[in-house]
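*Asks:* Before we start, here is the structure in question, set down as C-alpha cells.
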Amino acid sequence: MTTEERVEGLADLLVTTGRLTEPLWREGLRAVPRHLFAPEAAWAVPDRPRYEGFAIDRSADPPTWWNAVYSDTAIAIQLDDGAGDPLSGAGTWTSSCSAPGIVITFLQELRPLDHHRVLEIGTGTGWTAGLLTWRLGPGCVTSVEIDGSLSAHAAGNLAGAGLDPHLVVGDGAAGFAAGAPYDRVHVTCGVDRVPRPWVEQCRPGAGIVLPWSPGWGIGHLAHLTVAGDGTALGRLTGPAGFMMLRSQRRRFGGPEHAAEQRGQAAVSATRLDPRSVIAQSPGAEVAIAALVPDVRSHLEAAPDGSYRIWAIENRADEPSWAAANFEPGRADHTVRQYGPRRLWDEVENAYLQWVTWGAPARERFGLTVGAASQKVWLDRPDHVLAA
C-alpha cells in the first residue's frame, strides 16, 4: 500500500467517524503526512475505549508501524519526562503524537483564517505546528515547547516536511509575548486554570481552543473568544483528554497514604450508584468539577463488576479523600471519607444538583477567564456556578 493510499484511508476513517468534516483538512493530511513525525519505535494506543496499547517498531515490524501511524491512534514520544522507554509503555506519558481524530477536531474548532497569527502551546512532534504552517504559510505560527530535546526533534521533523514555523523553547504557560498579538491560540496540553498570558497576548475577537481538564472525569474541549474587556469566554464543545501543562500536573492513582489512613476514615453508606458521578454524563462531570473545587477523580474496576470511585483533594499535604464502593446487587454502597472535607458528600450533592437542573449536557456549560478569576457557568455567562 502506498503512502497516498494510507493517507486517504485515514481521512476516510475520520470522515466516517464524524471527526473530519472540513475538506480543507483532508488536504492538510495529504500535504503534511503523519509518518514524517512519528517515532521509529514507540508505544501506541488506539483512541477507542478499553483498547490495549501495543509496541510499534518500524525496523522490526513495518506493517504494524504503518498501520498505527495511519489509524486513529496516539503514539508516545516521551515517558516520565524522558526517563522512561516509550517502546515499553511503562510509565507516565509526558508527550505524544496525538491521535489524528482529536488533532483534526481541534484544528477545525480553531478555525484559522488566511494570515492569522497562531500561538501553539506544546510542540511535541511538530505535526500540528506543521499542519498549521501548511494552512497559514511562513511567519504565522509560533509553537512553544518546554522540553528542549523535544523541540529540537520537532525541528528536524518539520524540516523534513519542508515547513518552518517559529519554534520557541520555554514555559508555555507564559505564552510568547514577542510574537503578540495573536489571532488564535492552539493548546495541546490539559489545563485546569487558563494562564492569563494566553488571553493578554491575543487581540480582541481571537479564539483560544484548549483541553479544559479540571480533574473530575476525562476533560473537555473549550473554545473561548477574547472580548474587548480583556476577558475570554466560551462553551465546552466536546471531550478532550490530554496530558497536563507541566506547571499544573496532578498526581495519578489513589491517595498515597490511604492504606494507613483507612482506620481513621468515617464510614457511611449511600443509595446512589457511585458510578453515576463518573460515568453518567460529561455534563455531570462538569457540574461536579465546578461545585467541588480542587478535587480529582480516580476509578478502580474489578473483574467481578465492582468499582471503587475515589474523590481526592488536590494538595500534597494530607489531602482529604473519599472512596465509594459499588458492588453488584447491593441496595446501598459503602463510603469511606478521610480528612476535614467530606468529599463524597460534596460530590453526591453536586451530582444531585445537576439532576435538579434537568441533567444539562456538557455543551450547555462554559468558562469565563478574567484578570483575577475563572468562572464556570451554565447556559449564560451571568449564570455562574463557581469561581
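*Asks:* Put +1 on the Cβ of every Lys and Arg and -1 on every Asp and Glu Cβ in region 3-239; which of Gln108, Pro39, Leu167 then has its Cα farthest towards the positive end of the dipole?
*Replies:* Gln108
*Asks:* What trypsin sites (Lys or Arg not before Pro) in region 1-108 are in a loop by DSSP, with at most 12 other Cβ atoms within 10 Å of the Cβ? Walk me through the numbers on the way to the answer.
*Replies:* Values: sites: Arg6, Arg19, Arg26, Arg30, Arg34, Arg50, Arg58; in loops: Arg19, Arg50, Arg58.
Listed in order of number, the matching sites are Arg50.
*Asks:* When a/c is below 1.5 the answer is rounded, else prolate if a/b is larger than b/c, else oblate, so apply that to region 235-336 with a ≥ b ≥ c taken from the square roots of the Cα gyration tensor eigenvalues. Before the final figure, lay out the partial values.
*Replies:* Details: a/c = 1.86, a/b = 1.20, b/c = 1.55.
Oblate, because a/c is 1.5 or more while a/b does not exceed b/c.
*Asks:* Turning to a different aspect of this structure: Tell me which trypsin sites (Lys or Arg not before Pro) from region 299-334 have a DSSP coil assignment and no more than 13 other beta carbons within 10 Å of their own. Kindly include the intermediate steps, with their values, before the conclusion.
*Replies:* Numbers: sites: Arg308, Arg315, Arg330; in loops: Arg315, Arg330.
Passing sites in region 299-334 are Arg315, Arg330.
*Asks:* Can I ask one more? On a full-extension model of 0.36 nm per residue, what is the gain between Val169 and Glu52, subtracting their alpha-carbon distance, rounded to one decimal in nm? List each step's numbers first, then the result.
*Replies:* Numbers: separation 117, 0.36 × 117 = 42.12 nm, distance 3.33 nm.
Using 0.36 nm per residue and subtracting the Cα-Cα distance, I get 38.8 nm.
*Asks:* So what is the 222 nm mean residue ellipticity for the chain from helices alone, if each DSSP H run of at least 4 adds -39500 (n - 2.57) and you divide by all residues, rounding to the nearest 500 deg cm²/dmol? Walk me through the numbers on the way to the answer.
*Replies:* Values: 11 runs with 102 residues, N = 387.
Roughly -7500 deg cm²/dmol at 222 nm, from the helical runs in the chain.
*Asks:* From the list (i) 36, 26, 19; (ii) 60, 20, 16; (iii) 42, 20, 19, can you say which value of semi-axes √(5λ) of the Cα gyration tensor in Å was derived from the structure given?
*Replies:* The value computed from this structure is option (i).
*Asks:* How high is the relative contact order of the chain, in percent, with contacts defined as C-alpha pairs under 8 Å that are six or more residues apart? Display every interim value, and only then the final one.
*Replies:* Working: 828 pairs, mean separation 39.9, N = 387.
Answer for the chain is 10 percent.
*Asks:* Loop by DSSP (not H, G, I, E, B), at most 12 other beta-carbon atoms within 10 Å: where is the longest site-free stretch of the chain for GluC sites (Glu not before Pro)?
*Replies:* Working: sites that count: Glu40, Glu52.
That gives 53-387 as the longest site-free run.
*Asks:* Skipping prolines and chain starts, which residues have an amide H placed within reach, meaning under 5 Å, of the one on Asp47, given they are 5 or more residues away or on another chain?
*Replies:* Residues meeting the amide H criterion: Thr73, Ala74.
*Asks:* For region 157-298, take the convex hull of the Cα atoms, compute a quarter of its surface area, and give me that in nm², please.
*Replies:* Values: hull surface 48.2 nm².
Averaged projected area of region 157-298's Cα convex hull equals 12.1 nm².
*Asks:* Quick check for you: which residues of region 333-376 have the amide N under 15 Å from the point 7 Å beyond the Cα of Gln264 toward its beta carbon?
*Replies:* Zone members listed by number: 337-342.
*Asks:* Something else now. Among Trp344, Pro255, Ala83, which residue has its Cα positioned farthest towards the positive end of the charge dipole of the chain, with +1 placed on the Cβ of Lys and Arg, -1 on the Cβ of Asp and Glu, and the dipole taken about the Cα centre?
*Replies:* The Cα lying farthest towards the positive end belongs to Trp344.
*Asks:* Something else now. Across the chain, where is the longest run that never hits chymotrypsin sites (Phe, Trp or Tyr not before Pro) in a DSSP loop with at most 10 other C-beta atoms within 10 Å? Walk me through the numbers on the way to the answer.
*Replies:* On the way: sites that count: Tyr51, Phe252.
That gives 52-251 as the longest site-free run.
*Asks:* What net charge is computed for the residues neighbouring Glu5, neighbours being all others with C-beta under 15 Å from the C-beta of Glu5, Lys and Arg scored +1, Asp and Glu -1? Intermediate values should be presented prior to the final figure.
*Replies:* Details: positive: Arg6, Arg26, Arg30, Arg34; negative: Glu4, Glu8, Asp12.
Surrounding charge for Glu5 is +1.
*Asks:* To continue, here is another question. Lys and Arg at +1, Asp and Glu at -1: add these up for the other residues within a Cβ distance under 12 Å of Thr17 and post the number. Kindly include the intermediate steps, with their values, before the conclusion.
*Replies:* On the way: positive: Arg19, Arg48; negative: Asp12, Asp47, Asp72.
Net of charged neighbours comes to -1.
*Asks:* Now, a different point. How would Cys202, Cys189 line up from fewest to most surrounding beta-carbon atoms within 10 angstrom?
*Replies:* Cys189, Cys202
*Asks:* So what is the relative contact order for region 250-356, in percent, with contacts set as C-alpha pairs under 8 Å and at least six apart?
*Replies:* Numbers: 178 pairs, mean separation 33.0, N = 107.
Averaging sequence separation for qualifying contacts and normalising by length gives 31 percent for region 250-356.
*Asks:* Using the alpha-carbon centroid of each, what span in Å lies between region 87-123 and region 327-387?
*Replies:* Result: 28 Å between the Cα centres.
*Asks:* What is the extension gain from Thr64 to Ala31, computed as 0.36 nm multiplied by their sequence separation minus the C-alpha to C-alpha distance, in nm to one decimal? Spell out each step's value before the answer.
*Replies:* Numbers: separation 33, 0.36 × 33 = 11.88 nm, distance 2.29 nm.
My answer for the length gained is 9.6 nm.
*Asks:* Could you work out the local net charge near Tyr70, counting Lys and Arg as +1, Asp and Glu as -1, over the other residues with Cβ closer than 10 Å to its Cβ? Don't skip to the end; give the middle numbers.
*Replies:* Values: positive: Arg6, Arg34; negative: Glu5, Glu8, Asp72.
With Lys, Arg at +1 and Asp, Glu at -1, the net is -1.
Laboratory data are not the source of any read-out in this text; all were calculated from the coordinates shown. Just so it is clear, the structure is predicted and the values come from calculations on it, not from any experiment. Note: ideal-geometry Cβ built from the backbone for every residue, glycine included; neighbour counts use all protein chains shown.
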